[in-house]
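Novice: The structure that follows is given in the form of structure tokens.
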Amino acid sequence: VELVESGGGLVQAGGSLRLSCAAHGSAFGVRTMGWYRRAPASTRELVATVDRGGSSNYADSVKGRFTISRDNARNTLYLQMNNLTPDDTAVYYCKLVSTRGLSYWGPGTQVTVSS
């Protein structure tokens, strides 16, 4: 399974970005998909996850600002990020957990929010 992220970039505080993550590979079932991030000099943290049924979970720091969604038919995950702040600056990673319990990570996409 290969995960390809896109949509990162530089944005001013208060702006928006939409991240995408496309999953490619041989036939596999998806249990959950999610977004994680790692800010400079920090550990990787959960941003949001969504299961196949559409139930989502968010970090408190992004609730009300970020929205996670997925297109099951296309095995694509999205993260709509609104009202961005400099604290959101990080490398954002896509994660997929298959129905077999295997985890896959994307290479990451940089999000930089200027003040």
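The values are calculated or read from the model by the stated rules, or taken from the named source; none is laboratory data. Quick caveat, the model's predicted, so the values are computed rather than measured. Please note: Cβ atoms are built from the backbone with ideal geometry, for glycine as well, and neighbour counts cover all protein chains shown. What goes into the accessible areas is simple: the full protein's heavy atoms, side chains included, and nothing from ligands, DNA or RNA. Shrake-Rupley method; radii C 1.70, N 1.55, O 1.52, S 1.80 Å.
Novice: Ser61 passes all but one of (1) open to solvent by less than 50 Å² (accessible area, probe 1.4 Å); (2) closer than 22 Å to Gln12 by Cα; which number fails?
Specialist: So Ser61 meets the others, but not (1).
Novice: Taking region 17-51 as the search range and keeping residues that are under 15 Å from the mean Cα position of the chain (by Cα) and assigned to a loop (DSSP other than H, G, I, E, B), which one is nearest to Trp105 (Cα to Cα)?
Specialist: Arg44
Novice: Further, regarding this structure: Only one residue in Leu102, Leu96 is among the aliphatic types (A, V, I, L, M), within 14 Å of the chain's Cα centre (by Cα) and farther than 19 Å from Pro40 by Cβ, so which one is that?
Specialist: Leu96
Novice: Sticking with this structure for a sec: Among the residues of region 56-81, write down those that are at pLDDT below 95 and part of a loop (DSSP other than H, G, I, E, B).
Specialist: Asn72, Ala73, Arg74, Asn75 - these are the residues of region 56-81 that are at pLDDT below 95 and part of a loop (DSSP other than H, G, I, E, B).
Novice: How many residues does region 1-16 hold that are touching a Phe, Trp or Tyr at 6+ places or on another chain (Cβ under 9 Å) and open to solvent by 30 Å² or more (accessible area, probe 1.4 Å)?
Specialist: Number of matching residues: 4.
Novice: Now for a separate question. Please name all residue pairs, on different chains or six or more residues apart, with Cβ atoms under 9 Å, provided the first residue is in region 39-50 and is among the acidic types (Asp, Glu) and the second residue is part of a loop (DSSP other than H, G, I, E, B).
Specialist: Hits for this filter: Glu45/Ala39; Glu45/Ala59; Glu45/Ser61.
Novice: When region 102-115 is examined, which residues are found to be assigned to a loop (DSSP other than H, G, I, E, B) and open to solvent by 40 Å² or more (accessible area, probe 1.4 Å)?
Specialist: Leu102, Pro107, Ser115
Novice: To continue, here is another question. Give just the number: which of (1) at pLDDT below 95; (2) open to solvent by 20 Å² or more (accessible area, probe 1.4 Å) does Met33 not satisfy?
Specialist: Every listed condition holds for Met33 apart from (2).
Novice: Next question, about the same structure. Can you pull out every residue in region 79-98 that is over 16 Å from Glu2 (Cα atoms) and open to solvent by 40 Å² or more (accessible area, probe 1.4 Å)?
Specialist: Gln80, Asn82, Asn83, Thr85, Pro86, Asp87
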